[in-house]
Amino acid sequence: MRTHYCGELNSQHIGQTVTLCGWAHRRRDHGGVIFIDLRDRTGISQIVIDPDTAAAFALAETVRNEFVLKITCKVRPRPEGTINPNIPTGEVEMLASEIEVLNPSLTPPFMLDDDNLSETVRLEHRYLDLRRPAMQKNMMLRYRVAKTLRDYLDTAGFIEVETPMLTRSTPEGARDYLVPSRVHHGMFFALPQSPQLFKQLLMVAGFDKYFQITKCFRDEDLRADRQPEFTQVDIETSFLTENQIMDIVEEMIRRMFKQVQDIDLPNPFPRMPFSEAMNKYGSDKPDMRVTLEITELSDVMKDVDFKVFSGAANMAGGRVAGLRIPGGAALTRGEIDAYTEFVKIYGAKGLAYIKINDITQLNETGLQSPIVKNIHVNALQAVIERTGAQNGDLVFFGADKAKVVNEALGALRAKVGHEKGHVDGRTWAPLWVVDFPMFEHDEEADRWVALHHPFTAPKDGHEDFLATDPGACLSKAYDMVLNGWEVGGGSVRIHRQEVQSKVFDALKISAEEAQEKFGFLLDALQYGAPPHGGLAFGLDRLVTLMAGAESIRDVIAFPKTQRAQCLMTKAPNEVDEKQLRELHIRVRQQNVAG
């Protein structure tokens with residue numbers, strides 16, 4: 001039907017007769033000559049329809065935006081002064097001889113080149129939104145990223161194996177999406193949160209290098225930039241150490257960036273222990289382009305009169321820390337109040353600060369803040385020395401449980417750093433975060449929970465901590481971070497059944513409960529399971545970063561909203577009573593007060 005794509009014609013095609021198919025992007029009538037910009041997924045060709053071709057001209061007069069056209073035309077150079085250097089086809093135009101309307105179109109609900117569309121309108125008419133060049137570019141980028149990753153893994157000896165979409169529910173971590181069984185009355189499948197257990201079983205089965213680009217599902221609480229279904233690049237290997245696994249996937253990402261976008265990432269990526277990331281940057285996924293650092297101050301604030309600081313410093317699991325902002329004394333009260341409201345999102349009760357006017361005067365004259373009078377000179381001196389504060393700087397403080405302080409100051413560091421230009425100029429700053437704790441303490445339940453998942457192996461020599469001091473046990477886990485986003489994470493897994501049992505004991509999961517939830521894996525580990533480990537990348541996040549998109553919804557063809565709805569298909573939706581009866585389900589009617 002067509003001989004060429006619209007976006008591939010250039011000066012080399014001058015003189016050729018071609019047939020193009022696409023959508024009428026725009027129609028213009030200039031003094032008796034009609035111009036149609038014909039668009040397909042490769043770009044735009046400018047079509048000229050001259051009155052001399054009467055039939056084509058008459059038909060062109062009826063064409064409107066988004067009509068689907070087939071046009072036979074001759075390629076010729078654009079007249080001098082009309083060349084468009086901004087598009088690949090800008091040196092040529094096509095003189096039409098025949099036009100066929102393959103399908104007319106209603107007037108679209110929005111112009112495809114409108115940059116001020118609401119996301120609701122875009123998602124309601126996603127099939128039209130996807131025609132926009134920016135979205136076409138994003139989806140092509142996503143395709144190239146996935147293909148490059150797949151090609152690398154294939155060359156490296158990995159094989160792609162599909163794992164089930166219908167599996168059993170293992171309610172650890174996020175909520176499962178449940179699927180009722182019609183055949184088995186009262187029973188349910190679950191959609192997989194990840195292929196974790198199956199890929200470990202593939203290692204037991206002897207497929208020592210596995211990968212899969214697959215959908216995963218999590219029924220999470222509503223959050224920005226989270227999707228109930230997302231795409232994961234899932235990788236697992238046998239007989240490799242954690243460093244060897246990191247080396248393989250790091251090279252994969254480095255080559256992918258080079259091949260897809262001609263970007264040179266550093267070789268090797270820096271590696272940072274989890275403890276350093278939290279202490280200095282307040283986050284296990286720090287944006288290393290930001291030059292600001294958090295400073296530990298707990299030890300010098302234990303005996304100050306300011307109870308907010310001394311209380312946190314003496315609290316079990318508490319922390320007092322400072323964040324120096326060079327030149328921050330110029331911040332207005334309105335800006336400081338806005339930052340104070342911002343940290344409250346992360347559980348902070350407020351945000352204390354000191355403006356440094358004169359470091360030679362450690363009093364309310366040299367240090368501008370209502371809290372200075374309640375902090376003794378030695379503590380103020382320590383603040384100046386440790387943070388490296390100079391005249392004209394500002395120091396923000398966090399004082400609370402360490403988790404609250406880290407999250408609040410970590411988020412504030414990134415926000416202030418980018419808003420006020422405290423960045424080092426790098427476009428890309430990859431990082432490995434390693435040596436994660438095995439567990440974190442759930443205060444409400446008064447029990448240890450797995451920081452990643454219960455199949456992560458402890459560091460060599462840390463197995464004894466599983467019984468004696470779970471909080472001191474580090475794991476063979478690693479996360480790849482890029483510009484403050486966690487793009488991939490994984491670990492070496494537990495391959496010995498007795499170690500897995502010790503982990504379940506630390507998590508207060510009984511032998512009976514473990515057998516009920518994970519019996520098939522525990523059984524498999526007793527049949528010669530090899531040492532193995534792996535990693536999973538979030539494809540959506542990775543492509544979002546590379547595309548410079550504002551949201552992961554801009555790199556997913558048919559995404560859900562933040563409320564986990566599809567505005568285009570109106571899903572989720574009610575189903576008829578017959579379907580529910582077949583599934584042995586009855587929907588309860590909720591009483592709405594008022």
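Figure note: Ser510, Ser369 ranked by solvent-accessible area, largest first, 1.4 Å probe, ligands and nucleic acids not counted: Ser510, Ser369. For the range 399-487, the square roots of the Cα gyration tensor eigenvalues, ordered a ≥ b ≥ c, give a/c of at least 1.5 with a/b no greater than b/c, which places it in the oblate category.
Overall, the range 162-293 carries a charge dipole of about 300 debye about its Cα centre when +1 sits on the Cβ of Lys and Arg and -1 on the Cβ of Asp and Glu, all other atoms neutral. Here's the picture: charge each Lys and Arg Cβ at +1 and each Asp and Glu Cβ at -1 in the range 94-244, and of Leu102, Met139, Gly206 the one pushed furthest to the positive end of that dipole is Gly206. Ligands, DNA and RNA left out, the accessible area of the range 427-548 computed with a 1.4 Å probe is 48% carbon and sulfur. Placing unit charges on each Cβ (+1 for Lys and Arg, -1 for Asp and Glu) gives the chain a dipole about its Cα centre, and among Pro326, Met546, His462 the Cα reaching farthest toward its positive end belongs to Met546.
For the range 1-155, the antiparallel share of DSSP beta bridges with both residues in that region comes to about 95%. For volume of the Cα convex hull per residue in Å³, which listed value, [x] 268; [y] 244; [z] 200, comes from the coordinates shown? This structure yields the entry labelled [y].
So, R0 is 25 Å and r is the distance between the beta-carbons of Val101 and Met568; what FRET efficiency does that work out to, to 0.05? Efficiency, rounded to the nearest 0.05: 0.45. Rolling a 1.4 angstrom probe over the protein heavy atoms with all chains in place gives the chain an accessible area of 50 Å² per residue.
Distance between the modelled labels on Thr19 and Lys373, one decimal in nanometres: 8.8 nm (7 Å Cα→Cβ projection).
Along the charge dipole of the range 452-532, pointing to its positive end and built from +1/-1 on Cβ of Lys, Arg, Asp and Glu, which listed residue (Gly484, Ala472, Ala524) has its Cα farthest out? Farthest along the dipole direction, towards plus: Gly484.
For Glu577, the accessible surface of its heavy atoms amounts to roughly 100 Å² (probe 1.4 Å, protein chains only, rounded to the nearest 10).
Per residue of the chain, the DSSP helices (runs of n ≥ 4 H) give a summed -39500 (n - 2.57) that works out to -8500 deg cm²/dmol at 222 nm. DSSP finds beta bridges in the chain, and of those with both partners inside it, around 95 percent are antiparallel.
Could you tell me how far the Cα centroid of the range 404-447 sits from the Cα centroid of the range 189-214, in Å? Answer, in whole Å: 30.
Pairs of Cα atoms nearer than 8 Å and 6+ residues apart set the relative contact order; for the chain it is 13 percent. Please report the carbon-and-sulfur percent of the accessible area for the range 220-265; probe 1.4 Å, protein heavy atoms only, DNA, RNA and ligands left out. Accessible surface attributable to carbon and sulfur in the range 220-265 totals 45 percent. Mind running the shape call on the range 445-572? Use the C-alpha gyration tensor, a ≥ b ≥ c as the square roots of the eigenvalues: rounded below 1.5 for a/c, prolate if a/b tops b/c, oblate otherwise. Prolate. With a threshold of 28 Å on the Cα-Cα distance, the over-threshold entries among Lys302/Lys344; Lys349/Lys415; Lys209/Lys508; Lys258/Lys570; Lys344/Lys373; Lys280/Lys349 are Lys209/Lys508; Lys258/Lys570.
A straight Cα-to-Cα reach below 20 Å connects Lys459 with the lysines Lys476, Lys502, residues fewer than 8 places away in its own chain not being considered.
Only the Cβ atoms of Lys and Arg (+1) and of Asp and Glu (-1) were treated as charged; on that basis the dipole of the chain about its Cα centre amounts to roughly 900 debye.
The phi torsions of the range 361-376, fed into the Karplus equation with coefficients 6.51, -1.76 and 1.60 and a -60° offset, translate into couplings of 10, 8, 8, 6, 7, x, 10, 8, 4, x, 8, 4, 5, 9, 10, 6 Hz, rounded to whole numbers, with Gly and Pro shown as x. Sequentially through the range 277-284, phi angles give Karplus couplings (6.51, -1.76, 1.60; θ = phi - 60°) of 4, 6, 5, 8, 10, x, 8, 8 Hz, Gly and Pro residues having no value and appearing as x.
Using a probe radius of 1.4 angstrom, the carbon and sulfur fraction of the accessible surface of the range 1-109 is 51%.
In percent, rounded to a whole number, the relative contact order of the range 460-566 is 23, using alpha-carbon pairs under 8 Å and six or more apart.
Shape verdict for the range 174-314, please, from the Cα gyration tensor: rounded (a/c under 1.5), prolate (a/b greater than b/c) or oblate. Verdict is oblate for the range 174-314. At a threshold of 8 angstrom on Cα-Cα distance, excluding pairs fewer than six apart, so keeping six or more, what relative contact order does the range 123-246 reach in percent? Computed value for the range 123-246: 20 percent relative contact order. Simple point charges give the picture: +1 on the Cβ of Lys and Arg, -1 on the Cβ of Asp and Glu, and for the range 276-358 a dipole about the Cα centre of about 160 debye.
Couplings for the range 519-527, taken from phi via the Karplus curve 6.51 cos²θ - 1.76 cosθ + 1.60 with θ = phi - 60°, read x, 5, 6, 4, 5, 5, 4, 8, 10 Hz in order; Gly and Pro are left as x.
The values are calculated or read from the model by the stated rules, or taken from the named source; none is laboratory data. All values derive from a computational prediction rather than experimental measurement. Every residue, glycine among them, receives a Cβ derived from its backbone with ideal geometry; neighbour counts consider all protein chains shown. What goes into the accessible areas is simple: the full protein's heavy atoms, side chains included, and nothing from ligands, DNA or RNA. Shrake-Rupley method; radii C 1.70, N 1.55, O 1.52, S 1.80 Å.
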